[in-house]
Each structure stands twice: as structure tokens, then as C-alpha cells.
Amino acid sequence: MLIDWPVGKEPKRAEIGWDGSQHELRCQYKVEENEEPKGQKKAGVDLGERHLATVYVENGENISVHGGRLRSLRRHHNRTLGNLRSKIDRKQKGSRRWKRLARAKDRQLQKIRNQIEDLLHKTATRLVKTLHETILHDKNERG
């Protein structure tokens, strides 16, 4: 398969995958790190389920991000999946009702997966912003 890459450089790795509704092309590029760190402080991050992230900033405070909403969404995903699978299993494979239930299952589960992805993205963005403000705040107090 020949693909005209929109980016100027060729990828380090490429694969074709299924995202649940369509095929997609996934690529990885080698990135050169040419920037020096912006600050002198170090931060350690511990990822978990009850607390999505617990961050310790060197000579600073601990920041913890609660994971209750993510756990709730995952439970909802698993409960919905179980309920719809049991309904689908009672129908004859390939029937009109079976197809409708299969489409409903895909649609509902995709909605929940999108909510999980959105939550994780917003949480990571908020955490980085908070860390950035904490480090800048400490720098302004000294300077």
C-alpha cells in the first residue's frame, strides 16, 4: 500500500487498526528533544485508580486528583455492556432485532468511551496547568 504522507518526514512505525467503527492509520514519529527544562524543580507522579494521579513537587506540596468519576464511567461501561450483551444473546444472530441491538450497543459504548477519553484529557490538562502555576507562583515569590 502506498500512502502520501502529509508530514515532511517518514514515520518510525505505522500500523492499520480498527477503532470500533472504522479502520485508521496510526503512525509514530521520532521527536528530537532540543529544549532545556524550563525550571529547576522536579515532580514525581504516581498513577492509580482511586487517585488518578498523585504528584509530589520537589520542596512543594502534594497534589492529588480523585478518580471517582473515571471509576463511575468504567462501571457504567461494564454494566451497559453486560446488559446489552445479554439482550443480544437472546436474539437470533443476524435478525433485524439483533442488528438493532448490536448497533445500539456500539453507539452507547462509544459514547461512554468518548466521555472517559474526555475526562482523562481534561484531567491531564488541568493537572499540568496547576503544576505550571504552582512552579511559576513559587518562582515569583522568590524573585
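No lab work stands behind these numbers, since they all come straight from the coordinates. Given the structure is predicted, the values throughout are model-derived calculations rather than measurements. Neighbour counts are summed over all protein chains in view; Cβ atoms, including those assigned to glycine, are modelled from backbone coordinates with ideal geometry.
Listing for the model above:
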quantity: Hits in the range 70-117 - residues which are surrounded by 14 or more Cβ atoms within 10 Å (Cβ to Cβ) and within 30 Å of Leu131 (Cβ to Cβ); calculated: Leu70, Leu73, Arg74, His76, His77, Ile112, Arg113, Gln115, Ile116
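For every residue, the table says whether it meets (1) over 21 Å from His121 (Cβ atoms); (2) surrounded by fewer than 11 Cβ atoms within 10 Å (Cβ to Cβ); (3) aliphatic (A, V, I, L, M).
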position: Asp4; (1), (2), (3): yes, yes, no
position: Gly8; (1), (2), (3): yes, yes, no
position: Gly17; (1), (2), (3): no, yes, no
position: Gln28; (1), (2), (3): no, yes, no
position: Glu35; (1), (2), (3): yes, yes, no
position: Ala43; (1), (2), (3): no, no, yes
position: Val55; (1), (2), (3): no, no, yes
position: Asn59; (1), (2), (3): yes, yes, no
position: His66; (1), (2), (3): no, no, no
